[in-house]
Amino acid sequence: MDAKTRTGTRTPEHEQRARHKRTRVDHCLVEATAIRTDTPNSFVTNCHLFAAVTATDDRSAYQHLSSLRAPRSAAGRWALCSAVAFLYSWYVALDLHGAALGRPFDGVVVDPSALASGLEVVALVVGAFFVVAVPHELLHGAVMRYFGGRPRYGIRTARFGIPYAYAETQTDYGRNQMVAILVAPIVVISVVGFALAVGLDARWPLVLLAANVAGSVGDCWMASRLLEYPECVRVGPPPADGGGNEGGDGDEDGAENRDEDGALAIYSRSAIPQSRSPARVVHSFLVGTVGTVVVLALALVVLVFASLAFDSGAVVLADGDGNWLLFRHEPTADRGVLIEVGHRVVAALGAVGGVLWLGVGRGLEAPR
């Protein structure tokens, strides 16, 4: 049988494959009807991913489901979350570092004579910007390129003139590809940083690791939001009118709070009615967990300052028998401070807060 005959004949096997392919496409469209679209505004990573539908697809075949953007009014809350993420991840990394080297870790001793001056702090911030932010964005771009994109890099200024690096591309991505792009820096830099700290028997790589975790808060938030949608959705730029949609995440804070440079829109070939997906449950749990840890951190800071103002400055929240420790802040003989955090207890309390938050959310959404 010649080539022309072979290509022109549809055997039963070919028909079966074609039916299977159509079934997979239909399954994706059916699956797209099982996820809700009324997700609230979320923080968009500094890796702005401007997507466009490829030439093989007609934009008119897709409908805008939702726009994800960060209102400028939320900048303070995210800065607070990033600060807590830095301190918590640094402390956990120190504990794991000691365990990996077979040395006990009994907290951090802060020596006033060793504290950095104002100029040194500025130098550290600038250094961290290049040492952490640059490879962070390069990793975003590497994964973009791996999935067929052509990334561009640059520096912009956020609110209050704070600079940040970014990576962007005009290439469209599937949901899972976008999630991989978002989480690549926190995974790779965390693994490499910890391995470097253990290999060199040094703690300074852990500071860079924690700084990267703090800078990845938005990446993780956006990834968790995208996982609420089925795999067959596309991520692209908001509509030309600025983001009005049929039931999605329009920014309710007004045009002055919109950051269209950081907005992403979700598109699909079919409507997605409201329903509860497992990913949305996990997202609500994580929101409650992170919120609990942040509130707990603020409460501990208030306790420390109150103790410094009216007492010796010692704050110890622990079991008298030594079974558990939540927090210890004790002055040392040389005018330093010993700080010890029971990060496992903090994580457990955060999980309890996540469960409670999930229960409250489900109660509010229950039909009346």
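Show me the ranking of peptides 350-356, 315-321 by mean Cβ neighbours inside 10 Å, starting with the highest. It would help to have the intermediate numbers written out before the result.
Numbers: 350-356: 17.1, 315-321: 12.0.
Packing proxy ranking, top to bottom: 350-356, 315-321.
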Restricting to Cα pairs under 8 Å and 6 or more apart, the percent relative contact order of the range 75-198 works out to 23
Rounded to two decimals, the Debye log10 I(q)/I(0) of the range 279-368 (Cα scatterers, no solvent) at q = 0.23, 0.24, 0.25 Å⁻¹ is -1.09, -1.14, -1.18
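Would you please put 135-143, 187-195 in order of how densely packed they are, using the mean number of other Cβ atoms within 10 angstrom per residue and starting with the highest?
Details: 135-143: 21.0, 187-195: 16.0.
Peptide ranking by packing, descending: 135-143, 187-195.
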By the mean-Cβ-within-10 Å protection proxy, highest first, 79-87, 219-227 rank as 219-227, 79-87
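Every read-out reported here was derived from the displayed coordinates using simple, explicitly stated rules and does not represent laboratory data. Please read all numbers here as calculations on a predicted model, not as lab measurements. Heads up, the Cβs are rebuilt from the backbone with ideal geometry, glycines too, and the neighbour counts pull from every protein chain shown.
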